[in-house]
Amino acid sequence: MNKKMPENPKIILAIDVGGTHVKILASGQKTPRKIASGKTMSASQMVAAVLQMAKDWKYDAVSIGYPGPVIGGRPFHEPFNLGEGWVGFDFKKAFGCPVKIVNDAAMQALGSYEGGRTLFLGLGTGLGSTLIIDGVLEPMEIAHLPYKHGKTYEDYLGIGGLKKLGKKKWRKNVFEVVEKLKNALEVDSVVLGGGNAKKLKELPPGARLGDNANAFIGGFRLWKK
């Protein structure tokens, strides 16, 4: 690993932290690598696993997609699907190079961005959301806002809603939410990412399908002006 501290890093290691796997890819490499995560994985365990996986890669800086709110470039609270020790952890010291941290949905959104006003919705275990306006990234927490019948958007569009409602009703709610948010936020397009987006038979008007691999592109783009 290159431990220099360049102002404009050329080689980025992008880390996509999830509840089931941690996936990594360095710019210039073609094949991502991954390792199982889970409810007991701490921040220090993640770093140790990544350093081991990437020991034959050179990189100047690190981007981390974190599964939770990120304020001021730092995790705001401990992740729901992982272990503890993330809040306050010194990632820069642990990796020995500059580190940028954003919400995981935000990182995938940035990698999916094609210009204009775009809303990203991550249909996974929960509901990730990010708005990008003319290149400005604004992570959001739509998931826990009230939607209907005293339930939240995540209750309907997350994995819990999919299992409880079934695919047909779940798809109907995805269409309704996309239409509501598209009109309310006045966006040009909506990107539907996350593992469950592929369960849609067709896409809502004005929406396109994202790809989890775009998280790596987003990680690389974080360092570009």
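Using a Gaussian network model of the chain in which every pair of alpha carbons under 10 angstrom is joined by a spring, one finds that among L203, L145, L131 the greatest mean-square fluctuation is at L145.
Can you give the charge dipole size of the chain about its Cα centre, rounded to the nearest 20 debye, using +1 on the beta carbon of Lys and Arg and -1 on the beta carbon of Asp and Glu? Don't skip to the answer; put the middle values down first.
Details: 33 positive and 20 negative charges, 139 e Å.
That gives a dipole near 660 debye.
If the viscosity is 1.306 mPa s and the temperature 10 °C, what Stokes-Einstein diffusion coefficient in µm²/s follows for the stretch 116-169 when Rh is the Kirkwood radius over Cα pairs? Before the final figure, lay out the partial values.
Numbers: Rh = 11.9 Å.
So the translational diffusion coefficient is about 134 µm²/s.
Modelled label positions at R33 and K151, each set 7 Å beyond Cα in the direction of Cβ, lie 4.2 nm from each other. Rounded to the nearest 0.05, what FRET efficiency do L209 and D90 give with R0 = 41 Å and r taken as the Cβ-Cβ distance? Could you check? The formula returns an efficiency of 0.65 here. Each Cα pair under 8 Å and six or more residues apart adds its separation to the average, and for the chain the resulting relative contact order is 20 percent. I'd like the FRET efficiency for A48 and E114, computed as 1/(1 + (r/R0)^6) with the beta carbon distance as r and R0 of 45 Å, rounded to 0.05. Efficiency computed from Cβ-Cβ geometry: 0.80. Taking the average, over residues, of other Cβ atoms within 10 Å as the packing measure, peptides 10-19, 193-202 rank 10-19, 193-202 from highest down.
Could you work out the local net charge near I133, counting Lys and Arg as +1, Asp and Glu as -1, over the other residues with Cβ closer than 15 Å to its Cβ? Around I133, the charge tally is -3. A probe of 1.4 angstrom, applied to the heavy atoms of all protein chains, finds T125 with accessible area near 90 square angstrom. For the stretch 69-225, carbon and sulfur atoms together expose 53% of the accessible surface, with a 1.4 angstrom probe and every protein chain in place. Based on DSSP H runs of at least 4 residues, each adding -39500 (n - 2.57), what is the mean residue ellipticity at 222 nm of the chain after dividing by all its residues, to the nearest 500 deg cm²/dmol? Here the helix-only value at 222 nm equals -8000 deg cm²/dmol.
Translational diffusion coefficient of the chain (Stokes-Einstein, Kirkwood radius from Cα pairs, 20 °C, 1.002 mPa s): 120 µm²/s. Each other residue within a Cβ distance under 13 Å of F89 adds +1 if Lys or Arg and -1 if Asp or Glu, for a net charge of 0.
Skipping prolines and chain starts, which residues have an amide H placed within reach, meaning under 5 Å, of the one on K100, given they are 5 or more residues away or on another chain? Residues meeting the amide H criterion: V62, S63, I64. Rolling a 1.4 Å probe over the protein heavy atoms gives the stretch 78-122 an accessible area of 39 Å² per residue.
Between amide H atoms placed 1.01 Å from N, distances below 5 Å from Y147 occur with T152, Y153, all of them 5 or more places distant or on a separate chain. Cross-link pairs exceeding 27 Å between alpha carbons, from the set K58/K224; K100/K182; K58/K198: K100/K182; K58/K198.
Backbone N atoms of the stretch 87-130 closer than 11 Å to the 7 Å Cα→Cβ label point of K10 are not found in any residue. Neighbours of K163 by Cβ distance under 12 Å: Lys/Arg scored +1, Asp/Glu scored -1, total +3.
Largest accessible area first, the residues H144, H149, H77 order themselves as H149, H144, H77 under a 1.4 Å probe with ligands, DNA and RNA left out. Peptide packing: for 96-103, 174-181, the average count of neighbouring Cβ atoms within 10 Å per residue gives the ranking 96-103, 174-181, highest mean first.
When the chain is treated as a GNM, springs tying every alpha-carbon pair under 10 Å, which of D211, D104, D90 comes out with the largest mean-square fluctuation? It is D90.
The values are calculated or read from the model by the stated rules, or taken from the named source; none is laboratory data. Given the structure is predicted, the values throughout are model-derived calculations rather than measurements. Cβ: placed from backbone, ideal geometry, glycine included. Neighbour counts: every protein chain shown. To get the accessible areas, we keep the full protein, side chains included, count just its heavy atoms, and leave off ligands, DNA and RNA. Shrake-Rupley method; radii C 1.70, N 1.55, O 1.52, S 1.80 Å.
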